[in-house]
Amino acid sequence: GTFALPGGHLAFGETFEACSIRETKEETGLDLRDCRVCATCNALDASQSYHYITIFTIGSVVGEPTNLEPEKHSDWRWVRWDDPEFPSNLFTALKIVREKGFNPFSAESPCFY
């Protein structure tokens with residue numbers, strides 16, 4: 001498995017923000033507020049026939065996450081972005097943006113990868 005953020009595919013006609021709010025609620029039970037796009041990633045691996053465009057959003061939540069989809073996820077937990085022990089087995093797009101220096105808490109961080 002890989003370490004990932006809540007997420008999923010857009011429903012027809014859905015905005016990026018609405019998708020993030022819905023997926024976060026469905027997967028963790030958390031209500032995402034003040035949601036906005038903070039980064040995009042074009043992840044391509046031709047050898048694996050893998051090509052995903054990932055839209056990252058940021059917002060605020062209150063409370064602790066609950067694993068509402070245990071058949072898909074082993075657990076949810078908070079990890080500080082700057083933690084030296086941040087997991088290394090990351091979802092591809094998350095790995096790319098971290099390697100490129102993206103920091104969702106910095107206004108100066110580049111946002112398109």
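The values are calculated or read from the model by the stated rules, or taken from the named source; none is laboratory data. Please read all numbers here as calculations on a predicted model, not as lab measurements. Note that we place each Cβ from the backbone using ideal geometry, even for glycine, and neighbour counts take in every protein chain shown.
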_Give me the residue from the stretch 79-104 that is among the basic types (Lys, Arg) and not in a helix (DSSP H, G or I) and, out of that set, surrounded by the most Cβ atoms within 10 Å (Cβ to Cβ)._
Lys100
_If the requirement is being at pLDDT below 95, of a type outside the set (D, E, K, R) and exposed (fewer than 13 other Cβ atoms within 10 Å of the Cβ), which of these qualifies: Tyr50, Tyr113?_
Tyr50
*Spot the failing condition for Arg36; the list is (1) under 13 Å from the mean Cα position of the chain (by Cα); (2) crowded, with 18+ Cβ neighbours inside 10 Å; (3) under 15 Å from Gly59 (Cα atoms), and only one is missed.*
(2)
*Take the stretch 22-60 and flag every residue that is free of Cβ contacts under 8 Å to residues at least 24 places away in the same chain and part of a helix (DSSP H, G or I).*
Arg22, Glu23, Lys25, Ala46, Ser47, Gln48
_Residue satisfying all of: in the stretch 73-113; among the basic types (Lys, Arg) and either in contact (Cβ under 8 Å) with a residue 12 or more places away in the chain or in contact with a Leu (Cβ under 7 Å, 6 or more places away or on another chain) (or both); nearest to Gly7 (Cα to Cα) among these_ = Arg77
*Only one residue in Gly29, Gly59 is of a type outside the set (Lys, Arg), over 21 Å from Gly101 (Cα atoms) and in contact with a Leu (Cβ under 9 Å, 6 or more places away or on another chain), so which one is that?*
Gly29
